[in-house]
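The values are calculated or read from the model by the stated rules, or taken from the named source; none is laboratory data. Computed from a predicted model, the values in this text were never measured in an experiment. Every residue, glycine among them, receives a Cβ derived from its backbone with ideal geometry; neighbour counts consider all protein chains shown. Side chains included, ligands, DNA and RNA excluded: accessible areas come from the protein's heavy atoms. Shrake-Rupley method; radii C 1.70, N 1.55, O 1.52, S 1.80 Å.
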Amino acid sequence: MSGHPNILVFDSGLGGLTVLREVVKARPDARYVYVGDDAFFPYGQRSEEAVIGRVVPLMGELIEAHAPDLVVIACNTASTIALAPLRARYTVPFVGTVPAIKPACARSKTKRVSVLGTSATVRLEYTRALIRDFAQGCDVKLVGSANLATLAEAALGGGKVADEAILAEIAPCFVAGDGPDSRTDTIVLACTHYPLLLDRLVRLAPWPVEWIDPAPAIARRVVSLLGSSSASHHHEQSAAILFTSGQRHRLVSALTPYFGGLVPA
Ligand code: DGL
């Protein structure tokens, strides 16, 4: 590998940009290819077989085309379903994104935590096992959202998304208990699309909670595998964004901040 690794960041759509943003901060010198599988979006409404049948062969084509040194699966749904088959099939290192249940439960003071993810992610045994292993005495509620990822895509695309539509998706996360000391105080953002809406989640929350976004931890994992930035040759950095539908991206000015200011080709 050269000092400027090729990093492929993969998601079903635009949610993986919230992970990319942190990885780019940690390795601003790398070359990035971001792939959104919009032709198959949303993964959260698919069966496990369908996601594996889609992602495993598609990843083979992407590895062939882009020769990444490392792949970030910046999607909880794809990671919880397909990370094991991907690792079994390809030798390139994969960094996955899985619900941050352990850190959330470690931080909760009221011991009441909610995990907000796609319907597929919260249904999976993988996620339930994380709760069994890492709840640390917390009462953990799984909340599957059918629409929030689609709403996040619409909002990033400049569309109008009503507060009521967002609130309806997040409301089940807030469990009142007997008062402030026993109500939900920590919510895991277990879908990479949701941090795209973070300002609105904070504003619409019935009471303040801590929202746990795993992206900084994923960036640290990337650095632990690839090493830290070789600061001297930032001019070698590059970025591209591709969609499996073949569409050209329309949102360059909205996307550029996620690429650390680089304009994605
Ligand atoms: N970004 C994906 C995740 O983290 C989900 C969006 C979808 O349903 O495709 O789970």
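Accessible surface area normalised per residue over the chain is 43 Å², counting heavy atoms of protein chains with a 1.4 Å rolling probe. Take the Cα pairs of the stretch 115-265, get the Kirkwood Rh, then feed it into Stokes-Einstein at 20 °C and 1.002 mPa s and tell me D in µm²/s. D, rounded to a whole number, is 119 µm²/s.
Across all C-alpha atoms in the chain, the radius of gyration and Dmax reach 18.1, 57 Å. The overall shape of the stretch 92-152, judged from the alpha-carbon gyration tensor, is oblate: a/c is not under 1.5, and a/b is no greater than b/c. Of the solvent-accessible surface of the chain, computed with a 1.4 Å probe over protein heavy atoms with every protein chain present, carbon and sulfur atoms account for 53 percent. A cysteine counts as unpartnered when no other cysteine's C-beta lies under 4.7 Å of its own; in the chain this applies to 75, 173, 191.
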